Number of protein chains: 4
Amino acid sequence: MNHFTGLMAAPFTPFDAKGELRLETIPAYVEKMIADGLKGIFVCGSNGEGPNMMMEERMEVAKAFKDAVGSRIKVYVHVGHTSIRESQKLAAHAAEIGADAISSVAAFYFKPGSVKNLVDALAEIASAAPQLPFYYYNIPHLTGMNMDMTEVLKLGEKSIPNLKGIKYTAATIWEYQLCLNYAQGKYDILFGFDEMLLPALTVGAKGAIGSTYTFAAPLYLQVMKSFEKGDMEDARSKMFYLVEMVKILLKFPPIPAQKAIVKRLGIDLGPCRLPLSNLTKEDEQSLIKQLDDLGFFKKLETLPHAVNDKQKVAL
Amino acid sequence: MNHFTGLMAAPFTPFDAKGELRLETIPAYVEKMIADGLKGIFVCGSNGEGPNMMMEERMEVAKAFKDAVGSRIKVYVHVGHTSIRESQKLAAHAAEIGADAISSVAAFYFKPGSVKNLVDALAEIASAAPQLPFYYYNIPHLTGMNMDMTEVLKLGEKSIPNLKGIKYTAATIWEYQLCLNYAQGKYDILFGFDEMLLPALTVGAKGAIGSTYTFAAPLYLQVMKSFEKGDMEDARSKMFYLVEMVKILLKFPPIPAQKAIVKRLGIDLGPCRLPLSNLTKEDEQSLIKQLDDLGFFKKLETLPHAVNDKQKVAL
Amino acid sequence: MNHFTGLMAAPFTPFDAKGELRLETIPAYVEKMIADGLKGIFVCGSNGEGPNMMMEERMEVAKAFKDAVGSRIKVYVHVGHTSIRESQKLAAHAAEIGADAISSVAAFYFKPGSVKNLVDALAEIASAAPQLPFYYYNIPHLTGMNMDMTEVLKLGEKSIPNLKGIKYTAATIWEYQLCLNYAQGKYDILFGFDEMLLPALTVGAKGAIGSTYTFAAPLYLQVMKSFEKGDMEDARSKMFYLVEMVKILLKFPPIPAQKAIVKRLGIDLGPCRLPLSNLTKEDEQSLIKQLDDLGFFKKLETLPHAVNDKQKVAL
Amino acid sequence: MNHFTGLMAAPFTPFDAKGELRLETIPAYVEKMIADGLKGIFVCGSNGEGPNMMMEERMEVAKAFKDAVGSRIKVYVHVGHTSIRESQKLAAHAAEIGADAISSVAAFYFKPGSVKNLVDALAEIASAAPQLPFYYYNIPHLTGMNMDMTEVLKLGEKSIPNLKGIKYTAATIWEYQLCLNYAQGKYDILFGFDEMLLPALTVGAKGAIGSTYTFAAPLYLQVMKSFEKGDMEDARSKMFYLVEMVKILLKFPPIPAQKAIVKRLGIDLGPCRLPLSNLTKEDEQSLIKQLDDLGFFKKLETLPHAVNDKQKVAL
């Protein structure tokens, strides 16, 4: 069925100090992500501050990422917007630039009042790029929408010809397992809650999308490898290390905190745009120090033969 | 201090059966609202499905309403968007077309995490139309933002030179009263919870913005007149009639239900756009019948000399 | 129809430093409340820390208040509990001690899933004291239950013979107005959101229950008097003063803060029980100072002929 | 460290048609649970309708379960109550009857406002049975309390000498993993979200408490056995079967639905008490039919040598 396997990063969008796009940073960022063993990127989503950008900026950013990637890994474009018609424009543009798939959150100003209503809205969006696979982006803690995902698949199966799956960003792994198994695994259900990757693998996850994969993919890939080998003890302990890292991260506003980590790793993505709030100098230092105390950066640097090793992971 | 007094309607945006803008309906709609005694309109807000429209559509709609109005009553343009930069474009455009003021909700995808963060975001938006008064649009049940409005005024006073007030859409009248009295009434706090207009008048409201004013203004103006005359008994009983009307309305999805009422009054504004869901034929008939049973349309029609009478209301 | 008119206080329960009941404080407290012009007290509710007490304590407290009051003013007993059978015991006890009415919140561990379910539960409670009027205690922000109160009246009318009304503690005055007018005003709907008393009067409130009435009743009674006389300007300005007082109060945990105010007025009610958290010494001083700066205590003291004046208020 | 390992059921409380306790059903129910391979029971919790019972009933039920069990498996008693003093009585009683541990939810009428406040309240409860291990019962979706569980452990470590662990009923497995690893696994963190048992095992769960274990333990034990053997494929598929079962269950009010299942298995536990609502006859038949269609009851019956097999499971 040709589902996505491996890890997909949800990259941050680089801005300069004035909040203007800094597209020239994208190629190096992409090279790093490919070197880290990622199999795809998911652009202009929450992490990428899609909703903070203007329409033309979203298109430029998507194109810049796609251009930097070429055909080496997958590029998924998030097209969610309060206006379905704007979403359609973004979807059509994604097709034009050769993206591999599109994805969209539920409307989030007016909230769909039923699964039918949600699926009707998604169908309109998906129809604007009928040749591209479409993923519903389920992220209840940001959109406030808590719908039954198997119902979404059931209705979507009928009315969204290019429905390909769900980006599933929630802790409710049992529902995730239901989606994975819906119609004999027909749909590609990508797991989006990084700090629960190992539990998700247990129930059958093959692919995952996340923000921390933009800088910690080599460590997550080791979890996946240990899991695959059946070395649960090792997988668990490596997963726990990442959980500790996330725990530190979450003491700070998450998107700026992760940008600070990527900066520490050599790529300066600049600040976030309002209404996100940036880290103070002190917060940034505190974050980096706490991660240093955990040995995080050292561990990332000393992974032996990281790239080659990672490339071999084939889920 | 030149605050807005009287009623301002938040008109619906006319679409055709395919969901395309039908701007040609706007002039007649505007004439009706002016004839009904309204002193202003608030366009492209929640009611106007601002978030459901594309950028260029929002501009076209704002312009069409402004052109139809001329300078007869006030035109406020809602410029809220997930992207502050898009909001800025909408704000600049509002200035260009001669709008009297702009207003914006808080960001609603990423939610401001503090009053400071919110006010920083509002300041950026307001700065794009520095010559226009700016109103913060407080509507917690749609944005999920529950912040202390007196704090917003306190911080905004320092950093938003053109801050003019708040469109206050919440039932917490005591906080509304605090805002009205902030800095000796320096700010214009417009009340936005129609079914509580009378209680708001009691604590000092002089102006109000609402959706039901688009079709029931003559009745609300009678409440205001009775209140002004000190005939509380009459004001209360007239207010209660409107509360009963709203109670019926709220059995249905509110925006399509109100469009159906305006249609019954002679102006067909067409359906709503997804993700809003439209009324079925049966629902529409049931709504109209329930309002008929309440004598609503008859009452509206038989208000003696409605226009002249209303025009005299000077709050 | 014999509805309650005037103000009813929801007194705090006096504890000693170890958290034991200090019933001997109750008589003086009651005298103060009667002298302040109150027409009733509502005991063992949220304010009275009913849910923090043991069954036998709740009964002792109810009895002590009733004994101190005699028949001078009304005594309502709150009997809400997670267990309906415990509620029934409390209801029967309330009848035994001669209470004038009972009241109960919705269950709040398992939450009723429908109005029918809620009313079924209330019917069981009310049936344990069939000779006493029963009031449903609607307080959504504490119970998390947001049900349609007119539906509660409609179903309750059929299945709760002693249903007398609702203690309505919410800001949604328009629904409050619907309840007041339900079945030609058959039910007694007592308003419970002190800082919105004036708005509630506007729509027809005749009686109100609240926590701040335990210490600020004379000021609220002046609001009511001005409103009755039709002097809206004066009512509004006096209400605003009270809103400012509440605004200060709410910077602190409300129940301990109000106990501190009553202490400042001469009656030491001791601390609250866990899980409520008490004020630090500094917080207590800060609260009192802020109220002093507002002239609050001075104003209370210098109300001319407070008692006689107040007694004359007949709503 | 002597942590609990294996499965613990949270049994339902048997009532007769009038809602009176039917303690005589308990022995047979207990035998069934022991035969099913359970290693403990958790009585008077949410499932056991603890909050729906009177104090003396809670004690009788706890005693009846303990008496029926003897020392064959563990008996934990839930003592949560809105009143800490009532909780203390329940805790002391649990010690008296020889319970193996006590557990309590956070206060749930007044909600603790900070971790410190919560832990202070728990410390008071735990102190009433100082010789018994104490487990905090974390169940955010029922109590509305979302606190950082590692902070609870950190503060509790200092102020609750008999703190033994947490009954962790939430889907956030990453935090669960943090708790498991807190202080080198010092605390016993029992997993309480049945439909995610396999994911929890992955991160290190050794013990779990749940409602569906009261009737489906043999199937869950097979999941655990496959997991232990490293046969992840089999564990996943057996877990999925249970997820499908839970999905059916959750179409109905969960506690009455589970009582209906236990009844179908031969033990009639009667109805639930208000405010829980019971299944209609039709709903009950529909539930049983859907489970039959899944082959659920047949599968339970035909597990070969269920008891002996299960008894061998030693986690």
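The values are calculated or read from the model by the stated rules, or taken from the named source; none is laboratory data. What you are looking at is a predicted structure, and each value in this text was computed from that prediction instead of being measured. Quick reminder, even Gly has a Cβ in these numbers, built from the backbone with ideal geometry, and neighbours come from all protein chains shown. Accessible surface areas use protein heavy atoms only, side chains included; no ligands, DNA or RNA. Shrake-Rupley method; radii C 1.70, N 1.55, O 1.52, S 1.80 Å.
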DSSP bridge orientation in the protein assembly as shown - percent antiparallel, rounded to nearest 5: 5 percent
Region C:2-83: radius of gyration over Cα atoms, expressed as a fraction of 2.2 N^0.38 Å: 1.05
Cα-based convex hull, region D:167-315, per residue volume (Å³, whole number): 126 Å³
Average projected area [Cα convex hull, region B:93-188], square nanometres: 5.9 nm²
Cα-Cα pairs of region C:56-143 separated by more than 24 Å (percent): 17 percent
Dipole of chain D, positive direction: furthest Cα of D:170, D:270, D:222, with charges on the beta-carbon: D:222
Nonlocal Lys pairs with alpha-carbon distance under 19 Å, region A:1-137 (8 or more apart, or different chains): 10
The protein assembly as shown - Kirkwood radius from inverse mean 1/r over Cα pairs (Å): 32.9 Å
Inter-centroid distance (Cα atoms) of region A:81-134 relative to region D:93-115, Å: 48 Å
Accessible-area composition of the protein assembly as shown, carbon plus sulfur, in percent [1.4 Å probe]: 53 percent
Per-pair calculated FRET efficiency, R0 = 45 Å: residue A:142 and residue B:282 via Cβ, rounded to 0.05: 0.80
Average beta carbon contacts from partner chains per residue of A:167-178, 10 Å cutoff: 6
Test item: C:53-66 mean partner chain Cβ contacts at 10 Å: 2
Compactness relative to 2.2 N^0.38 Å, alpha carbon Rg of region C:217-271: 1.36
Point-charge dipole on Cβ atoms (K/R +1, D/E -1) for region A:1-102, about Cα centre, debye to 20: 280 debye
Peptides ranked, highest mean first, by Cβ atoms within 10 Å: ranges A:190-197, A:125-132: A:190-197, A:125-132
Space enclosed by the convex hull of the alpha-carbon atoms of region A:1-147, per residue, Å³: 119 Å³
Cα convex hull of chain C, projected area averaged across orientations, nm²: 14.7 nm²
Peptide B:136-144 - average C-beta neighbours from other chains (10 Å radius): 1
Shortest-first distances to equivalent copies, position residue B:116, nm, label 7 Å out along Cβ: 2.2, 4.9, 5.3
Copy-to-copy label separations for residue D:282, where each label sits 7 Å from Cα toward Cβ, in nm and ascending: 1.7, 6.3, 6.4
Heavy-atom accessible surface that B and C bury in contact, both chains counted, 1.4 Å, Å² to 100: 2300 Å²
Stokes-Einstein D for region B:128-241, Kirkwood Rh over Cα pairs, 37 °C, 0.692 mPa s (µm²/s): 220 µm²/s
Heavy-atom SASA rank of C:157, D:301 (probe 1.4 Å, accessible area, largest first): D:301, C:157
Residues of the protein assembly as shown: accessible area per residue with a 1.4 Å probe, Å²: 34 Å²
Helix-only CD estimate at 222 nm, as mean residue ellipticity for chain A, using -39500 (n - 2.57) per DSSP H run (n ≥ 4): -14500 deg cm²/dmol
Once the Cα gyration tensor of region C:240-294 is diagonalised, semi-axes √(5λ) in Å: 18, 12, 10
Protection proxy ranking of A:224-237, D:285-298, C:44-57, A:89-102 - average other beta-carbon atoms within 10 Å, highest first: C:44-57, A:89-102, A:224-237, D:285-298
Residue-level accessible surface for residue C:34, protein heavy atoms, 1.4 Å, Å²: 20 Å²
Within a Gaussian network of chain C (alpha carbon springs, distance under 10 Å), most fluctuating of C:73, C:41, C:166: C:73
Teacher prompt: residue B:92 distances to equivalent labels in other copies, 7 Å Cα→Cβ, nm: 2.4, 7.4, 7.6
Cα pair distances exceeding 18 angstrom across region A:163-227, given as percent: 31 percent
Local electrostatic count, residue A:137, Cβ distance below 14 Å [Lys/Arg +1, Asp/Glu -1]: +1
Part-to-part distance (alpha-carbon centres) for region B:233-260 and region A:197-213, which is given in Å: 50 Å
